[in-house]
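Just so you know, all these numbers are worked out from the coordinates, no wet-lab data involved. In this text, all values refer to a predicted model and were calculated from it rather than measured experimentally. Ideal geometry is used to build each Cβ from the backbone, glycine not excepted, and the neighbour counts take in all protein chains shown.
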Amino acid sequence: MLASLTLPVRLSARDGGFTLREATPRDLDALIALIANDPVSAARGDVASADDREAYARGLAAIQADPSNVQLVAERDGETIATLQLTVIPGLARRGATRLQVETVRVRDDLRSAGVGGAMMRWVEDAASALEAHLIQLTSDAARVDAHRFYERLGYARSHVGFKLPVEGA
């Protein structure tokens, strides 16, 4: 399903253009660094430890093996500057609506507020239309106040309360 998206694609931000493409295993270290650079993720254990690299590699491989998932990287001048994951979720609610779930949106800290995230999220809207998704949804940790303002500026509404339950032994 996500294979129908036209990638790579060239996008523009305020400080220049970049390419959005599917992640490959060679992107793994840059992806881990982007995730670990986020204080909320770091507090959950995403600290870019070499001991965890295999777990991240398994996660990326699982995403790549699932046609309903894609991990994307934004690249400029050969450097990974941002990432996000998309998942197509078929459903019964909303008269059988398909949803496009957005996860793991991260932009390199020196490029935040430069338009990279906004350009990626506008592309996600186009992708949702191409995939015939009726709704784009995402969750954001309650501590991410700046991210909440970002999503609201893009037109996303605070519509639900989310709940999570860690699974013991997983």
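Output the DSSP H helices from the chain with an along-axis C-alpha extent of no less than 15 Å and a mean Kyte-Doolittle hydropathy no less than -1.0.
Sorted by number, the helices that extend far enough and score high enough are 53-65, 116-130.
In the list (i) 9.3; (ii) 10.5; (iii) 11.6, the label attached to mean projected area of the Cα convex hull in nm² as derived from the coordinates here is (ii). Dividing the summed -39500 (n - 2.57) terms of all DSSP H runs of n ≥ 4 by the residue count of the chain sets its mean residue ellipticity at 222 nm at -9000 deg cm²/dmol.
The amide H of R108, built 1.01 Å from its N in the peptide plane, has A82 as neighbours under 5 Å, considering only residues 5 or more places off or on other chains.
Take 130-143, 21-34 and order them by the average number of nearby Cβ atoms within 10 Å per residue, most first; the result is 21-34, 130-143.
Where a ≥ b ≥ c are the square roots of the eigenvalues of the C-alpha gyration tensor, would you call the range 1-75 rounded, which needs a/c under 1.5, or, failing that, prolate if a/b is larger than b/c, or oblate? Because a/c hits 1.5 or more and a/b fails to exceed b/c, the range 1-75 counts as oblate.
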